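Asks: One structure coming up, written as structure tokens, with questions to follow.
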There are 2 protein chains.
Amino acid sequence: MSLQRVLPFTKSLLEQAVANGDRVIDATAGNGHDTFFLAQLTGPTGKVFAFDIQQEAIQATKSRVEAFHHVQLIHDSHAKISDYVVSPISAAVFNLGYLPKGDHSIITKSQSTITAMEQCLELLQPNGLLLVVIYSGHEGGSEERDAVMEYVRTLPQTDFDVLQYGFINQRHSPPFLVAVEKKRKKVL
Amino acid sequence: MSLQRVLPFTKSLLEQAVANGDRVIDATAGNGHDTFFLAQLTGPTGKVFAFDIQQEAIQATKSRVEAFHHVQLIHDSHAKISDYVVSPISAAVFNLGYLPKGDHSIITKSQSTITAMEQCLELLQPNGLLLVVIYSGHEGGSEERDAVMEYVRTLPQTDFDVLQYGFINQRHSPPFLVAVEKKRKKVL
């Protein structure tokens with residue numbers, strides 16, 4: 001056997017969480033890999049909202065998903081998710097850090113990341129998943145990692161389960177995953 | 001979907017790592033639940049070595065696995081694993097802490113735990129798994145947790161992958177898993 005790496009594990013959770021017809025968010029469209037994957041999972045009866053603040057990322061994602069008509073590309077900060085998405089979603093995914101192959105000085109930052117995560121948690125339907133892949137090797141990365149970890153550790157266990165999945169004996173701060181599942185409210 | 005809890009996830013890794021005919025170690029037999037599970041996975045052509053320093057645990061495990069003839073119960077410290085096991089194993093499992101329903105003052109301790117883990121890593125065949133379920137809520141538990149984590153974090157990434165899996169927003173220090181996979185040596 002081989003222990004599943006972080007990105008395949010993240011994808012396998014998305015496969016379990018997202019069904020045909022679902023609405024989902026890619027909070028960091030980047031080069032569009034996750035947007036494409038999500039678009040396949042939701043199918044044309046679902047919808048993918050993909051955010052990025054960089055025109056370059058929106059362009060790259062656009063070319064990758066041009067075959068799909070159920071992807072809405074939004075060239076704006078993910079801190080404004082709730083301006084664009086109002087109905088429940090089954091999943092949201094974040095890849096923190098910089099745009100691969102892009103300008104490494106443009107990075108996600110704790111405050112807007114956490115604002116965006118809060119909005120996603122609000123939008124999640126019961127048993128929905130918020131997945132955050134945390135990269136911290138770049139400058140400013142460890143501050144963001146610490147802020148995000150502090151935030152998720154304090155999410156009330158009555159409402160959320162917060163799982164950490166990652167390899168801990170590797171140099172160069174490899175990415176790790178934080179997965180937040182919204183619990184189904186008990187009817188009293 | 002629902003995120004898999006720590007114990008079911010641990011079991012699913014064992015199911016993937018252990019095949020019929022394999023040799024495996026239960027380093028903390030306790031009430032024999034893992035020993036029983038492992039005995040099913042290896043089948044009668046395999047072998048399970050189950051260690052516990054407490055007579056009470058050996059007794060409890062004995063009654064649980066009496067249907068199996070390929071389980072060797074060893075009433076000794078797991079720090080002496082290499083006195084009893086000399087051929088390669090495909091998996092070893094530890095549940096740290098005290099014996100459930102037993103004397104809560106008798107607990108696993110960092111030094112013998114790490115000695116035992118070292119011996120298991122030595123015995124593991126390539127792609128074999130060492131699984132350590134860490135409980136730290138009891139007195140002395142956090143010291144052991146910290147020592148084990150320090151040890152596994154420094155395992156060389158050329159030889160091992162070390163995965164941490166656990167829920168991080170819960171009170172009462174719930175158990176979490178550390179899974180160590182031995183890498184296949186590259187032939188130069």
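Asks: Taking segment A:164-183, which residues are of a type outside the set (Phe, Trp, Tyr) and under 14 Å from the mean Cα position of the chain (by Cα)?
Replies: If the condition is that a residue be of a type outside the set (Phe, Trp, Tyr) and under 14 Å from the mean Cα position of the chain (by Cα), then A:175, A:177, A:178, A:179, A:180, A:181 are the ones that fit.
Asks: Working only within segment A:162-182, note down all residues that are without any contact (Cβ under 8 Å) to a residue 40 or more places away in the chain, under 18 Å from residue A:97 (Cβ atoms) and at the interface with chain B (Cβ under 8 Å from one of its Cβ atoms).
Replies: Result: A:164, A:170, A:171.
Asks: Give segment B:1-28 a look and list any residue that's farther than 16 Å from residue B:85 by Cα, touching a strand residue (DSSP E or B) at 6+ places or on another chain (Cβ under 9 Å) and among the charged types (D, E, K, R), or say none.
Replies: B:5 - this is the single residue of segment B:1-28 that is farther than 16 Å from residue B:85 by Cα, touching a strand residue (DSSP E or B) at 6+ places or on another chain (Cβ under 9 Å) and among the charged types (D, E, K, R).
Asks: Identify, from the list A:99, A:124, A:131, A:155, the residue that is touching a residue at least 24 places away in the same chain (Cβ under 8 Å) and in contact with a Lys or Arg (Cβ under 7 Å, 6 or more places away or on another chain).
Replies: Unique residue meeting the criteria: A:124.
Asks: Please list, ordered by first then second residue, the pairs with beta carbon atoms under 8 Å, 6 or more apart or interchain, first in segment A:21-50 and free of Cβ contacts under 8 Å to residues at least 60 places away in the same chain and polar (S, T, N, Q), second part of a helix (DSSP H, G or I) and surrounded by fewer than 23 Cβ atoms within 10 Å (Cβ to Cβ).
Replies: Close Cβ pairs (under 8 Å, with a partner that is part of a helix (DSSP H, G or I) and surrounded by fewer than 23 Cβ atoms within 10 Å (Cβ to Cβ)) amount to A:35/A:64.
Asks: Here are some conditions: (1) out of contact with any strand residue (DSSP E or B) (no Cβ under 6 Å at 6 or more places or on another chain); (2) hydrophobic (A, V, I, L, M, F, W, C); (3) more than 26 Å from residue B:148 (Cα to Cα). Residue B:99 meets all but one. Which one does it not meet?
Replies: (3)
Asks: Right, another one. Conditions first: (1) part of a loop (DSSP other than H, G, I, E, B); (2) touching a helix residue (DSSP H, G or I) at 6+ places or on another chain (Cβ under 8 Å); (3) more than 14 Å from every other protein chain (Cβ to nearest Cβ); (4) under 24 Å from residue A:12 (Cα atoms). Residue A:155 passes all but one, so which condition is the exception?
Replies: Residue A:155 satisfies all of (1) part of a loop (DSSP other than H, G, I, E, B); (2) touching a helix residue (DSSP H, G or I) at 6+ places or on another chain (Cβ under 8 Å); (3) more than 14 Å from every other protein chain (Cβ to nearest Cβ); (4) under 24 Å from residue A:12 (Cα atoms) except (3).
Asks: State whether one or more residues within segment B:99-121 are within 14 Å of another protein chain (Cβ to nearest Cβ), hydrophobic (A, V, I, L, M, F, W, C), buried (at least 19 other Cβ atoms within 10 Å of the Cβ) and in a strand (DSSP E or B).
Replies: No.
Asks: Answer yes or no as to whether residue B:63 is farther than 15 Å from residue B:38 by Cβ, over 17 Å from the mean Cα position of the chain (by Cα) and not in a loop (DSSP other than H, G, I, E, B).
Replies: Judged against the criteria, residue B:63 is a match.
Asks: Find the residue count for segment B:160-182, including only residues that are surrounded by fewer than 15 Cβ atoms within 10 Å (Cβ to Cβ) and more than 16 Å from residue B:7 (Cα to Cα).
Replies: Summing the residues that are surrounded by fewer than 15 Cβ atoms within 10 Å (Cβ to Cβ) and more than 16 Å from residue B:7 (Cα to Cα) in segment B:160-182 gives 2.
Asks: Also, quick follow-up: Looking only at segment A:27-79, which residues are acidic (Asp, Glu) and within 17 Å of residue A:94 (Cα to Cα)?
Replies: Selection gives A:34, A:52, A:76.
Asks: Give segment A:29-57 a look and list any residue that's part of a loop (DSSP other than H, G, I, E, B), under 17 Å from residue A:77 (Cβ atoms) and in contact with a strand residue (DSSP E or B) (Cβ under 9 Å, 6 or more places away or on another chain), or say none.
Replies: Within segment A:29-57, A:29, A:30, A:52 meet the criteria.
Asks: Additional query: Search segment A:125-144 for residues being within 13 Å of chain B (Cβ to nearest Cβ) and surrounded by fewer than 22 Cβ atoms within 10 Å (Cβ to Cβ), and hand back the single one that is nearest to residue A:5 (Cα to Cα).
Replies: A:127
Asks: Still on this structure: Please find, among A:148, A:162, the residue that is in a helix (DSSP H, G or I), more than 29 Å from residue A:45 (Cα to Cα) and among the aliphatic types (A, V, I, L, M).
Replies: A:148
Residue-by-condition table, conditions (1) over 30 Å from residue A:18 (Cα atoms); (2) within 14 Å of chain A (Cβ to nearest Cβ); (3) in contact with a Gly (Cβ under 6 Å, 6 or more places away or on another chain); (4) of a type in the set (A, V, I, L, M):
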site	(1), (2), (3), (4)
B:5	no, yes, no, no
B:15	no, yes, no, no
B:19	yes, yes, no, yes
B:26	yes, no, no, no
B:35	yes, no, no, no
B:44	yes, no, no, no
B:50	yes, no, no, yes
B:53	yes, no, no, yes
B:80	yes, no, no, no
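Asks: Residues to consider are A:39, A:27, A:57; find the one that is surrounded by 22 or more Cβ atoms within 10 Å (Cβ to Cβ), farther than 29 Å from residue B:2 by Cβ, of a type outside the set (D, E, K, R) and at pLDDT 95 or above.
Replies: Just a single option satisfies the conditions, and that option is A:57.
The values are calculated or read from the model by the stated rules, or taken from the named source; none is laboratory data. Please read all numbers here as calculations on a predicted model, not as lab measurements. With ideal geometry, Cβ positions are generated from the backbone for all residues, glycine too; neighbour counts draw on all protein chains shown.
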